[in-house]
């Protein structure tokens, strides 16, 4: 029943509110006096006159059912698939790695010589301890270096950090790996029991099995030394309880286990993060940029300026305190609607013109823009003379930046 208690003003009824108060799956309504067996359509909003009462009949509609899985639950195929999925699922989550730009889509920027800080949010299932490391390398290297990560203080936020050196100019690559640290978990359990005054005989048995497992892995891995771990296993088997406890808790034992690289449930971040190590002068906040138009650098009014002319002006620009030479987009000069000297609207034969965007389909090129031969020749002439002040240059299709030390 829908009732308008106001005897003077009509009321607009939004039928969506009827669904909130209707029980079960009654989602379709029609007037009660309407005699039809057809399934009613969704009720449209309507205007309820002053004092009007309408009686509606609700119709139940079946709920939305999801598509059934291809493999029936309870079957052997379904059970096997579930077990395989569970085994393949990572036991350690690696999230929020920094520095990264758009989740590693673009390289981050740092200055060569810095130690780049790598941070990540990493946690594992259960209460077992985990270990984390960063693998990094220069982009032209094939072997990965590894730096262990440590928890960020204060503890409890699942944040890990480390630093990697950027000793070379150019691109560096890194990724984060993590695994369950069985030996650290065993030590943690033993220390908790010892603080509570309980015996650790069960942990001694777990340590014996763990040592045997790691030793078997070391013997089947090329390039590893099994002698230190074999000595620990033999000494542990013959020792009494106090000696076993001291052996398990010894820092030397932890170092041997770490060198064995026992890494169960190893997880790797699928993203390879990139860092570009630039010169200090590439940092925008610490450099002064001088914008220059190569065509305006000629001392001869009858010809365009070239990069060779720019090189001649560089000592003066350097003396003014500028660090970076910035070239705006260099475009060919149009023939039609071409400007003349001093920005006049009518160009005369022989006028060298001015820098402008393309004004016609026919384009007149100049020695400065015809090809890269001018710049190549110029850079060869320029490099030996000012090598101490300007060591590198880079060219892009639209601009040129010369970055000094």
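Some notes on this structure:
- Here residue 303 clears all of (1) modelled with pLDDT of 75 or more; (2) touching a helix residue (DSSP H, G or I) at 6+ places or on another chain (Cβ under 6 Å) except the condition numbered (2).
- Scanning segment 129-162 for residues that are within 15 Å of residue 99 (Cβ to Cβ) and within 17 Å of the chain's Cα centre (by Cα) returns 134, 136, 159, 160, 161, 162.
- Qualifying residue in segment 195-205 (condition: part of a helix (DSSP H, G or I), surrounded by 13 or more Cβ atoms within 10 Å (Cβ to Cβ), at pLDDT below 95 and out of contact with any strand residue (DSSP E or B) (no Cβ under 7 Å at 6 or more places or on another chain)): yes
To keep it simple, each residue is scored yes or no on (1) at positive phi; (2) in a strand (DSSP E or B); (3) out of contact with any helix residue (DSSP H, G or I) (no Cβ under 8 Å at 6 or more places or on another chain).
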| residue | (1), (2), (3) |
| --- | --- |
| 242 | no, no, yes |
| 246 | no, no, yes |
| 256 | no, no, no |
| 264 | no, no, no |
| 276 | no, yes, yes |
| 281 | no, no, yes |
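- Qualifying residues in segment 338-362 (those that are surrounded by fewer than 12 Cβ atoms within 10 Å (Cβ to Cβ) and within 14 Å of residue 302 (Cα to Cα)) - the one modelled with the lowest pLDDT: 350
- Pick from segment 1-16, criterion under 16 Å from residue 45 (Cβ atoms) and part of a loop (DSSP other than H, G, I, E, B), ranking: modelled with the lowest pLDDT: 15
- For the condition free of Cβ contacts under 8 Å to residues at least 12 places away in the same chain and within 25 Å of the chain's Cα centre (by Cα), residue 251 does not qualify.
- Only one of the listed residues (128, 158, 143) is exposed (fewer than 13 other Cβ atoms within 10 Å of the Cβ) and in the same structural domain as residue 101 (by TED's automatic domain parsing). That residue is 143.
- Number of residues in segment 287-312 that are in contact with a strand residue (DSSP E or B) (Cβ under 9 Å, 6 or more places away or on another chain), part of a helix (DSSP H, G or I) and surrounded by fewer than 19 Cβ atoms within 10 Å (Cβ to Cβ): the value is 0.
- Residue within segment 69-85 that is at pLDDT 90 or above and either assigned by TED's automatic domain parsing to the domain that holds residue 29 or loosely packed, with under 14 Cβ neighbours inside 10 Å (or both) present: no
- The single condition from (1) surrounded by 14 or more Cβ atoms within 10 Å (Cβ to Cβ); (2) assigned by TED's automatic domain parsing to the domain that holds residue 135; (3) over 29 Å from residue 123 (Cβ atoms) that residue 173 fails is (3).
- If you check 41, 19 for being assigned to a loop (DSSP other than H, G, I, E, B) and touching a strand residue (DSSP E or B) at 6+ places or on another chain (Cβ under 8 Å), only one passes: 41.
- For segment 44-53, a residue qualifies if it is in a strand (DSSP E or B) and modelled with pLDDT of 85 or more, and the qualifying residues are 47, 48, 53.
- Selected residue (criterion: farthest from residue 280 (Cα to Cα)) from residues of segment 322-337 that are in contact with a strand residue (DSSP E or B) (Cβ under 9 Å, 6 or more places away or on another chain), in a loop (DSSP other than H, G, I, E, B) and modelled with pLDDT of 75 or more: 328
Conditions (1) under 28 Å from residue 122 (Cβ atoms); (2) assigned by TED's automatic domain parsing to the domain that holds residue 125; (3) within 37 Å of the chain's Cα centre (by Cα), marked per residue:
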residue: 193; (1), (2), (3): yes, no, no
residue: 196; (1), (2), (3): no, no, no
residue: 214; (1), (2), (3): yes, no, yes
residue: 242; (1), (2), (3): no, no, no
residue: 247; (1), (2), (3): no, no, no
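- Yes/no for residue 225 being in the same structural domain as residue 192 (by TED's automatic domain parsing), surrounded by fewer than 12 Cβ atoms within 10 Å (Cβ to Cβ), within 42 Å of the chain's Cα centre (by Cα) and not in a helix (DSSP H, G or I): yes
The values are calculated or read from the model by the stated rules, or taken from the named source; none is laboratory data. Everything numeric in this text was worked out from a predicted model, so none of it was measured. Note that each Cβ is placed from the backbone with ideal geometry, even for glycine, and that neighbours are counted across all protein chains shown.
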